[in-house]
Amino acid sequence: MLKTNKRTLILTSLLTLLPLGIGLYAWNQLPDPMATHFDIHGMANGYSSKPFAIFFLPLFLLGIQWFCIFITFADPRKQNISSKIFTLILWIIPIISLITGLSVYAYNLGYSIPIEISSEILIGLLLLILGNYLPKTKQNYTIGIKLPWTLDNEENWNRTHRLAGFVWVMGGIVILISALLHFHSFYFLFAVLILTIIIPCVYSYWLYTH
């Protein structure tokens with residue numbers, strides 16, 4: 001798996017660190033401290049030092065990416081993880097790093113960036129994409145809804161992930177629509193995300209007990 005994805009691994013790692021290079025290039029134009037945290041309406045409510053914002057955030061995300069890769073290769077059932085799923089894992093963090101990094105820089109440079117919309121669109125798209133892959137995911141200890149009864153029973157795993165795929169796709173569509181309609185509510189977003197987790201878990205337990 002690693003050998004066939006070596007180039008993708010290198011490329012995605014470099015893309016994850018690309019905001020660091022952009023930050024260094026724009027160092028003199030960026031303020032100190034920088035706005036790095038925003039509320040549901042796109043207003044800055046948290047600040048970090050310029051070195052922290054430019055260096056730590058991309059390096060932290062790179063660490064997360066490599067940790068995910070390490071966990072994937074340590075999975076006793078890694079043979080069940082398809083190359084498409086693994087490629088998806090490699091690309092999630094770089095996309096998040098690029099979108100968040102560029103959005104933060106643009107905001108701090110004075111550009112009018114609807115961060116709340118871009119954040120919701122990113123979340124919606126991730127749910128939409130992941131939801132399409134969930135039903136195709138075989139039993140493993142890294143990716144998917146890993147409950148004792150899903151890991152113990154293949155039919156439970158498959159049925160749970162078919163439902164989860166549908167729920168995640170629907171959740172992604174709802175979030176995308178709310179973002180495009182400029183309906184920004186933390187409680188609404190939180191409720192949708194919680195439901196995408198709870199519904200498949202409850203259904204899986206129901207299958208287990210019946």
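Please treat every number below as a calculation from the coordinates, not as lab data. Every value quoted in this text rests on a predicted model; they were computed, and no experiment measured them. Using ideal geometry, Cβ is built from the backbone for each residue, glycine included, and neighbour counts are taken over all protein chains shown.
Things to note:
- Added length on full extension, which subtracts the Cα-Cα distance from 0.36 nm per residue, Ala44 to Tyr187: 49.6 nm
- Förster radius 41 Å - calculated FRET efficiency between Asn158 and Phe67 (Cβ-Cβ, nearest 0.05): 0.90
- Full-extension gain in nm, Ile194 to Arg77, via 0.36 nm per residue minus C-alpha separation: 39.4 nm
- Label-to-label distance, nm, for residues given as Phe56 and Leu24 (7 Å Cα→Cβ offset): 2.0 nm
- Across q = 0.11 Å⁻¹, the chain modelled as identical point scatterers on its alpha-carbon atoms has Debye log10 I(q)/I(0) values of -0.62, in the order of the q list.
- Part-to-part distance (alpha-carbon centres) for the stretch 79-129 and the stretch 148-182, which is given in Å: 19 Å
- For the stretch 1-111, the percent of C-alpha pairs falling in each 5 Å distance bin, counted from 0 to the bin holding the largest distance, reads 2, 12, 21, 19, 15, 11, 9, 7, 4, 1.
- Sequentially through the stretch 193-200, phi angles give Karplus couplings (6.51, -1.76, 1.60; θ = phi - 60°) of 5, 5, 5, 5, 8, 5, 4, x Hz, Gly and Pro residues having no value and appearing as x.
- Lysine pairs meeting the criterion (Cα under 25 Å, 8 or more apart or interchain), as found in the stretch 1-111: 4
- For the stretch 53-154, relative contact order (Cα pairs under 8 Å, six or more residues apart, normalised by length) works out to 36 percent.
- Rg then Dmax, both in Å and based on the Cα atoms of the stretch 114-210: 14.4, 47.
- Amide H to amide H, with H built 1.01 Å from N, Thr36 comes under 5 Å of Gly46, Tyr47, Ser48, counting only residues 5 or more places away or on other chains.
- Percent RCO, i.e. relative contact order, over the stretch 1-111, from Cα pairs under 8 Å lying at least 6 residues apart: 39 percent
- Subtracting the Cα-Cα distance of Tyr208 and Ile177 from their residue separation scaled by 0.36 nm leaves 7.7 nm.
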